[in-house]
Structures are given as C-alpha cells and as structure tokens.
Amino acid sequence: MSKIKFMETVLRDGQQSLIATRMPTRDMLPILKTMDQAGYHALEMWGGATFDACLRFLDEDPWERLRAIRKEVKNTKLQMLLRGQNLLGYKNYADDVVTEFVKKSVENGIDIVRIFDALNDTRNLKTSVEACKAAGGHCQTAISYTTSDFHTVDYFVALAKEMAELGADSICIKDMAGVLVPQAGFELVSRIKDAVSLPVDVHVHATSGIAEMTYLKVAEAGADIIDTAISSFAGGTSQPATESVAIALAGLGYETGLDQEKLEKIADHFNPIRDRFRNEGKLNPKVKDVEPKTLLYKVPGGMLSNLLSQLNEQGLGDKYDKVLAEVPKVRADLGYPPLVTPLSQMVGTQALMNIISGERYKLVPKEIKDYVKGLYGKPPVAISEAIKEKIIGNEKVITERPADLLAPQLSGFEAEIKEYARFMEDVLSYAVFPQQAKDFLGRREDPFYDVPFQNVSVKIEV
C-alpha cells in the first residue's frame, strides 16, 4: 500500500487565505492535543503573515504563540514558512539577522522551516538554509511554482537539483495561485523524484477548482506529502479539505495515517470559529468562490480580491477587468516573476497604476524600481532594455546577491529597541516589523498587561 502524509494548514495558511490571519491563539489552544493525535505529518502554524497579524491586529507576541503551541503539541512536527532573505517581511535583511531569526525559530519550537524565494533565486535561500541546518531544523526548500514559456518542467527540475545541492532535506512544490494542473503536477513530481533523493511535498490552493484532481495525480506520481486544511477553513483561496482528500485517497489504497474520528473533532472545534468570523464579516464569501480566471491570468485568488478591494475603495470598480488583463502584461515586462509575496503585491500595484494613470509606467512604485535594479534578486527572464529605461532610466542594475550589499544589522536593531527588548526574540520582532513591534513591546511594559491567551483551557464560546 502506498503511503502519503498530510501537512495541516488551518493554523497558518488555511486561516491566512480566508480570514487574513486574524485567528487568535486562544482559538487554537483547546484543540491542539487532538490535532497532535490525529496522525498529521506536520502542523503549519507560524511564519507567513502570522507574525505581522499577531503584532498588528491581535496584540499577541508571535514568539509566545509558538511556545504555547509547542507546549501542547508533543508528537507532531511544527512547521513555518520563511521568505528566505526577506524572512517574514518584504525586503532583504543582512545575513546576521537571517541567521539569528532562523536559530531562534528552531530553539523556540519549530521543526520544519519551509524556505522560498519569490524569484526562485537560490542565492536568496543560502543563508537561511545554512542557518536551519546549523540549528538542527529540517530544511524544506520551496519552488515557487508558476507558468510561462520559460517555466518548463526542465527548469523546475534543475531548480530542485540546485536546492538539493544547497542542503535541502525535502523539496516543496509551492503552487500559491492554484495553477498546477493535474498532468503538469504528475510530470513535475515524477521528474523531481527521479532527479533528487529527497521527499517531495506538494502545496496547492483550491482557488481555480482543480486542486483535488492535482493532488490525486501527484499522489500517483509518488509525492510524499500534501498540504490540506481542515474543512472548516478549506476551499476557495485556501487548500482542499483534509478529511475529504484523506477519505478519497484511502479509498484508492493509500495509507494516510490520519484518524478520521479525530479529524471530525477538529472540524467540530473550528466550525463555530469559522462561523464567528463569517458573522463578523471577516470571512468574505468571495474567498470561498471558485475562480477559473486564475488559470487564465495566473493570478492568486487573494490577489484578485485585493485588486477588487483597492479599486472599489477608489470608486473604480469598473476598471477591474482592465487591471486584471494588465497583470500578465506587467508580469511579462518584469521577466515573469512568480506571483507570490512580495512580487504579487508589487505586480498588482503596478498594473493598477498603469490603468488608473492611463499611461503604462508613468507612475512606478519604489519597490518596482528596486526590483528592476536587481535588489530583490535575478528575474527569471531578462528584462528588456526598453522596460528598464522606462522604469529606472540609466541607473545601474546589480548582479551580485542583494544581501551582499548589506552590512550586519543585528547590533543596530538591538541598540534601537534596547529600551523595550527583554530577549533576542524581541529584537528580531523589531527587526522585521519595527513600528508594530515597538508598539507591542511598549504595551507589554504596562504592569496590567496580560498575555491574551494564557490559562485558556475551555472550548471557545461563540
């Protein structure tokens, strides 16, 4: 019987995709022991936007969330998502900051660090991979999957080989837009399994309506792990439902290791939490919709809703189709970057500006200029001289690893936040989100401040 493992995303990507990562830790704690006994390979519960959301919206210390979850989860691996040299932010950090952040993540309870770069520039993975290995963590490097004439199966297989040579312990195919069609998934997993002797994890979003078929085909190709979300926070821009996929694969002869009774209890816990967010208006029904246009425009579902929201706020909702059609044109101009954070936001904003201004590249954000200068890494395809000139004029484009231009930063961050920082973790929070961390750490100094989720042991009332 073939085996396939499941990585559960409800604590991070599932809720990030549907409710913008607004789930507080107190909603998670009562069900963690059951999750720990359900047979999951891992629980993704940290990284991505959780750090920002904890500090900015939830009045929580993200490091304390990690420690609180680790205290309850004794048997199942805890996993995080890291943006390589960007860490959890939107710019490159110096190597000393990256190394310390990864070290502290593992020390505080992370087992698996999934590391990706928005441009698939492996130079931007090197430091975090080395830091993860040195700290004793499992390093899973992620391919940011996208489609274009350039992004062939051969390209992705070569990328997997590069990642293996860097020291990866496993490889993830990260399909953030939901555009990995079933046959392409089968071919890609088959070829990567032939090329490298590492476990392969496949991460797909359900946005376009084909994710379950893709999971079937990658399972047939020998994928070792797939990422799913418990049904309460599954579907739409999230991942396929854990219970449904597990039942389907078990019926086809796969051993999943999952306990369906435990999964039912987990869903029973998260269902009223989902309903609460729905009643509060924080779970927009649109994010549960199937969006086949994703397959046409290669735009992640979250990016579609953000574009529509931005246009509606400016009374320009009627421009939505034009902006949507502009996105692939901008992406082509910029060398076909995968539409994943932060590039998805950057490309979407540029497309928006092109349409609103009535002239392409008349208005260009600083981030796009920095990208064209090479400060985010090497674009997958060379940007034409005409586009470069339009965006940055005669300014120089760098060819070295962007982080090589950065002097050590950690001691500077320590000095800046010494008034409030009690631990190195506080300094790292400040390094990634300076204003939000400073505000939080300042509030923490209040003698009446309580950790929002301490001593919670009862089921959440709704």
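Quick notes on this one:
- Protein accessible area in segment 94-220, 1.4 Å probe - carbon and sulfur %: 51 percent
- For segment 201-271, the per residue solvent-accessible surface stands at 31 Å², with DNA, RNA and ligands left out and a 1.4 Å probe.
- Take residue 213: with every protein chain present and a 1.4 Å probe, its accessible area is about 110 Å².
- In a reduced charge model with +1 at each Lys and Arg Cβ and -1 at each Asp and Glu Cβ, the chain shows a dipole moment near 460 debye about its Cα centre.
- Each Lys and Arg adds +1 at its Cβ and each Asp and Glu adds -1 at its Cβ; summed about the Cα centre, segment 106-208 shows a dipole of about 40 debye.
- Signed unit charges on C-beta, dipole axis of the chain, positive-most listed residue 189, 327, 62: 327
- Theoretical FRET efficiency, 1/(1+(r/R0)^6), r = Cβ-Cβ of residue 405 and residue 107, R0 25 Å, to 0.05: 0.30
- Extension gain for the segment residue 187 to residue 435, taken as residue separation times 0.36 nm less the Cα-Cα distance, is 84.7 nm to one decimal.
- Using the rule -39500 (n - 2.57) for each DSSP H run of four or more residues, divided by the residues of the chain, the 222 nm mean residue ellipticity is -13500 deg cm²/dmol.
- In percent, rounded to a whole number, the relative contact order of the chain is 18, using alpha-carbon pairs under 8 Å and six or more apart.
- All-pairs Cα distance distribution in segment 232-286, expressed in whole percent, bin size 5 Å: 4, 17, 22, 22, 16, 9, 7, 2, 0
- With all projection directions averaged, the alpha carbon convex hull of segment 17-155 covers 9.5 nm².
- The value of relative contact order for segment 177-251, using C-alpha pairs under 8 Å at least six residues apart, is 32 percent.
- Which of 244, 213, 233, positive extreme of dipole for segment 191-261 (C-beta unit charges): 213
- Along segment 47-56 the Karplus relation, 6.51 cos²θ - 1.76 cosθ + 1.60 evaluated at θ = phi - 60°, assigns HN-Hα couplings of x, x, 8, 4, 4, 4, 5, 4, 6, 7 Hz to successive residues, with x for each Gly and Pro.
- Summary value for segment 216-272: 29 percent relative contact order, contacts being C-alpha pairs under 8 angstrom separated by 6+ residues.
- Shown for segment 296-364: the carbon plus sulfur share of the solvent-accessible area, taken with all protein chains present and a 1.4 angstrom probe, equals 51%.
- Charge dipole of segment 265-368 (Cα centre as origin; +1 on each Lys and Arg Cβ, -1 on each Asp and Glu Cβ, all else neutral): 160 debye, rounded to the nearest 20.
- Dipole-positive endmost among 394, 145, 423 within the chain (Cβ charges, Cα centre): 394
- Other-chain or far-sequence residues with amide H under 5 Å of residue 202's (modelled H): 173, 225, 226, 227
The values are calculated or read from the model by the stated rules, or taken from the named source; none is laboratory data. If you're wondering where the values come from, they're calculated on a predicted model, not measured in any experiment. For neighbour counting, all protein chains shown are included, and Cβ atoms are generated from backbone atoms with ideal geometry for every residue, glycine included. Accessible surface is based on the protein model in full, side chains and every heavy atom, while ligands, DNA and RNA are left aside. Shrake-Rupley method; radii C 1.70, N 1.55, O 1.52, S 1.80 Å.
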